[in-house]
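Here is the structure we will look at, set down as structure tokens.
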């Protein structure tokens, strides 16, 4: 069963990316968008992990308004979310939300 998990941390996005790459043995690519600004993405056919700075590049407001106290937000969509959950929690990422995908 697939879940979409949201994690938060107060480290900056680049530091979070470095820790997550080591913990998960995955390489992220840097992207730029009007909505997120600079963000990091790892994506395969069945897995997507996004690391964003939780600040709208235009108005400075939190992108994830339910979690304004977190500097960096990590979104994970994968059939292996339980495995990833353990790894991310072991490096200090806090699980903020979990959605089950039917």
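Can you tell me which residues in region 48-63 are surrounded by fewer than 17 Cβ atoms within 10 Å (Cβ to Cβ) and either within 15 Å of residue 77 (Cβ to Cβ) or touching a residue at least 24 places away in the same chain (Cβ under 8 Å) (or both)? Hits for region 48-63 are 48, 58. Among the criteria (1) surrounded by 15 or more Cβ atoms within 10 Å (Cβ to Cβ); (2) modelled with pLDDT of 95 or more; (3) in contact with a helix residue (DSSP H, G or I) (Cβ under 9 Å, 6 or more places away or on another chain); (4) assigned to a strand (DSSP E or B), the one residue 11 does not fulfil is (4). Conditions: (1) in a loop (DSSP other than H, G, I, E, B); (2) out of contact with any helix residue (DSSP H, G or I) (no Cβ under 7 Å at 6 or more places or on another chain); (3) at pLDDT 95 or above. Residue 27 meets all but one. Number of the miss? That leaves (2) as the condition not met. Among the residues of region 46-62, the ones that are closer than 17 Å to residue 16 by Cα and either touching a strand residue (DSSP E or B) at 6+ places or on another chain (Cβ under 7 Å) or in a strand (DSSP E or B) (or both) come to 7 in all.
The values are calculated or read from the model by the stated rules, or taken from the named source; none is laboratory data. What you see is a predicted model, and the numbers here were worked out from it, not measured in a lab. No Cβ is skipped: glycine too gets one built from the backbone with ideal geometry, and neighbour counts run over all protein chains shown.
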